[in-house]
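This report concerns only the one structure given below.
The values are calculated or read from the model by the stated rules, or taken from the named source; none is laboratory data. Just so you know, these numbers come straight off a predicted model, no measurement behind them. A quick note on method: Cβ atoms are made from the backbone with ideal geometry, for glycine too, and the neighbour counts reach across all protein chains shown. Just the protein is used for accessible areas: all its heavy atoms, side chains included, with ligands, DNA and RNA removed. Shrake-Rupley method; radii C 1.70, N 1.55, O 1.52, S 1.80 Å.
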Amino acid sequence: MTTTTGTRHRTPAPHRLSTTLLGLALPLAVLAASAAVAFSWRDDLPDPVATHWDAAGTADGFASLAASAVVPLVTGAVLTVGLWLVGWFFGQSASNRRTAVGVSAGTATFLGATLLGTLWVQRGLDDAAQASGVGAAIAVALGAGLVAGVLAGLVAPRDARRPAEGPVSPADPRAPLGADERAAWIRTARGGPGLAVAGAAVVGTLVLVVVTGLWWMIVLPVVLGLVMASMMSWTVTVDASGLEVRSVLGVPRTVVPLDEVEGAREVTVDPFREFGGWGWRAGRGGRVGIVVRKGPGLEVRRTGGRVLVVTVDDAAAGAALLTSLADRAR
Amino acid sequence: MIFRIDPTAGEPLFAQLAAQVRLAVAAGTVHPGERLPAARDLAASLDLNVHTVLRAYQDLRDEGLVDLRRGRGAVVTAQAAHDYTDLRAAIDAVVRESRALSLPPETTLALLKEALR
């Protein structure tokens, strides 16, 4: 079965105020504050300031203070506005809103902190060429960005409980159940090209750490390895409590309660085309995808215009059981 | 495959589970190399004691249908992959003949059970 999903599910995204505060106002304020602090230091800074360092930590790129601040600020502002639009238009599901505000706040914090950190080490210098020790500043900025992003994502409100009012879509498959019967469908979704890409990235960054000797960069393969482990192996369960998709690490996980299921069916998924990659992602039209490979997947339509897609084998059976259990829960 | 149990049926719950895996293997809906759900997960989903599921898995292992390995769970064996094509064709023939004779399903089942004894 091949299906296309586009603009059919255009229920307006909820929580647009919080998306705007956390995903637009906060990141722009962080960027503006960083710029203000940077310019307040102008009398202590050399002119030009160092803007780039080589692998050995020696400054090798220089610019005026204004030019060195403009690049991260404009990059951050453009990214912020783009992500805010994603949250505004495609934020039907909490995971899309949280990702948008989290990435936005995290990136703005990282960019602002990097600007301030790299200028901080140049305060009081006559010549920017003497500036060094910038690795620690960038490591701190990375940490600050991660913390700010995760916090903003966590503060963003979750979806309100929203039981369906109508029946489950009669067009979707069913797996008839006896009155006293209990039933479960449990499958694993793992591997796929994303795993190979993530594995190559871990190895690549490890090699980079060894070659450059920049110890703080060990953060990259560690974070990548954790993300790979959490994003590329999932247990998908359909039972009396609804649909659960759980990472092999236990987190992240998501649950669709039976009373929020409007329909479920097997679809053909192309992760790269529909979601721009692999893992837990936001896709076209605000669909949420937990996608590890191309091929058949389970698509669940949920109240509030939310759609969840999981790439998993035997999806037709999972869809049939989910709709039948949902019928029973109505 | 969908696992079902009916607590009101006379058959023990572990036997109901094992029977479904046997049926799924014979019907070709479960393939060799495929991993059955972790006993803990399946027990939680069906609101069963984990030992009930393990008992079913152990019976299947004793029949050579699955491998039970610590950390890997229950994996359907290659040995389970008999060629069921002829059997399925024969069953189709039985169904056709029974319908042609307007035999009630219970009668056909009773005949099959008698013949298999």
Rough spin-label spacing in nm, given labels placed 7 Å along Cα→Cβ, for B:Leu23 and A:Leu146: 5.0
Taking chain B as the reference, fit the longest principal axis to its C-alpha atoms, fit the long axis of helix B:85-100 to the helix C-alpha atoms, and give the angle between the two in degrees, 0 to 90, nearest 10. 40
So for B:Leu23, B:Leu112, what's the accessible-area order with a 1.4 Å probe, most first? B:Leu23, B:Leu112
Would you tally the net charge around A:Thr19, using a Cβ to Cβ cut-off of less than 11 Å, leaving A:Thr19 out, and scoring K and R as +1, D and E as -1? +3
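Let me know the shape class of the stretch A:231-308, please: from the alpha-carbon gyration tensor, a ≥ b ≥ c as square roots of the eigenvalues, rounded when a/c is under 1.5, otherwise prolate if a/b is greater than b/c, or oblate.
Working: a/c = 1.70, a/b = 1.18, b/c = 1.45.
Cα axes put the stretch A:231-308 in the oblate bin.
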Quick one: among A:Ala25, A:Ala320, A:Ala36, which has the greatest mean-square fluctuation in a GNM of chain A with alpha-carbon springs under 10 angstrom? A:Ala36
State the Cα centre-to-centre distance between the stretch A:275-322 and the stretch B:63-84 in whole Å. 29
Accessible area (Å², per residue) of chain A, counting only protein heavy atoms and a probe of 1.4 Å: 45
Provide the per-residue ³J(HN,Hα) series for the stretch A:136-149, in order, calculated from phi with Karplus coefficients 6.51, -1.76, 1.60 and θ = phi - 60°, each as a whole number of Hz, with x at glycine and proline positions. 4, 4, 6, 4, 4, 4, 4, x, 5, x, 4, 4, 4, x
Point-to-point label distance, A:Val223-A:Val211, nm (Cα→Cβ direction, 7 Å offset): 2.1
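Tally Lys and Arg at +1 and Asp and Glu at -1 over the other residues with C-beta under 14 Å from the C-beta of B:Thr107: what net charge comes out? Intermediate values should be presented prior to the final figure.
Numbers: positive: B:Arg99, B:Lys113; negative: B:Glu97, B:Glu106, B:Glu114.
With Lys, Arg at +1 and Asp, Glu at -1, the net is -1.
Just by accessible area at a 1.4 angstrom probe, what is the order of A:Trp234, A:Trp215 from largest to smallest?
Numbers: A:Trp234 0, A:Trp215 180 Å².
Ranked list, largest accessible area first: A:Trp215, A:Trp234.
B plus A alone minus the pair: what accessible area, both sides summed, probe 1.4 Å, in Å² to 100?
On the way: alone 8180 and 15730 Å², together 22420 Å².
Approximately 1500 Å², summed over both chains.
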Surrounding net charge for A:Lys294, when Lys and Arg each add one and Asp and Glu each subtract one, Cβ distance under 13 Å: -1
Treat every Asp and Glu Cβ in the stretch A:36-184 as -1 and every Lys and Arg Cβ as +1, leave all other atoms uncharged, and give the resulting dipole magnitude about the Cα centre to the nearest 20 debye. 700
Tell me which of A:Ala196, A:Thr118, A:Pro170 sits at the most positive position along the dipole axis of the stretch A:76-202, charges placed on C-beta atoms (Lys, Arg +1; Asp, Glu -1). A:Pro170
Kindly identify residues of the stretch B:1-28 having a loss of at least 20 Å² in accessible area between the isolated chain and the assembly of all protein chains, probe radius 1.4 Å. B:Met1, B:Ile2, B:Phe3, B:Arg4, B:Ile5, B:Asp6, B:Pro7, B:Thr8
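As a test of the definition: which semi-axes, in Å, follow for the protein assembly as shown when you take the square root of five times each eigenvalue of its alpha carbon gyration tensor? Largest first, please. Walk me through the intermediate numbers first.
Values: eigenvalues 631, 124, 55 Å².
With the √(5λ) rule applied to the protein assembly as shown, the semi-axes are 56, 25, 17 Å.
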Let me spell out the model: positive unit charges on the Cβ of Lys and Arg, negative unit charges on the Cβ of Asp and Glu, origin at the Cα centre of the protein assembly as shown. What dipole size does that give, in debye rounded to 20? 600
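Which percent of the accessible area of the stretch A:228-302 is formed by carbon and sulfur heavy atoms (probe 1.4 angstrom)? Mind showing how you got there, number by number?
Working: 1420 of 2560 Å².
Solvent-exposed carbon and sulfur of the stretch A:228-302 make up 55 percent of the total.
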Could you identify which residue out of A:Leu17, A:Leu116, A:Leu85 has the top mean-square fluctuation in a GNM of chain A using Cα springs shorter than 10 Å? A:Leu17
Under 13 Å from a point placed 7 Å out from the Cα of B:Leu111 along the Cα-to-Cβ direction: which residues of the stretch B:84-101 have their backbone N that close? B:91-101
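Where only protein heavy atoms count, and the probe is 1.4 Å, what is the accessible area per residue for chain B in Å²? Can you show the working numbers first?
Working: 7430 Å² over 117 residues.
Accessible area per residue: 64 Å².
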Quick one: putting +1 on the C-beta of Lys and Arg, -1 on the C-beta of Asp and Glu, what dipole do you get for the stretch A:137-254 around its Cα centre, in Debye to the nearest 20? 160
Rounded, prolate or oblate (a/c below 1.5 giving rounded, otherwise prolate when a/b exceeds b/c) for the stretch A:1-110 by Cα gyration tensor: prolate
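Do any GluC sites (Glu not before Pro) in the stretch B:19-117 lie in a DSSP loop with no more than 16 other beta carbon atoms within 10 Å, and if so, which? Let's see the in-between values first.
Working: sites: B:Glu34, B:Glu63, B:Glu97, B:Glu106, B:Glu114; in loops: B:Glu34, B:Glu63.
Loop-located and lightly packed - B:Glu63.
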Which ³J(HN,Hα) values in Hz, rounded to whole numbers, follow from the phi angles of the stretch A:277-288 under the Karplus curve 6.51 cos²θ - 1.76 cosθ + 1.60, where θ = phi - 60° and Gly and Pro get x? x, 10, x, 8, 9, 9, x, 4, x, x, 5, 9
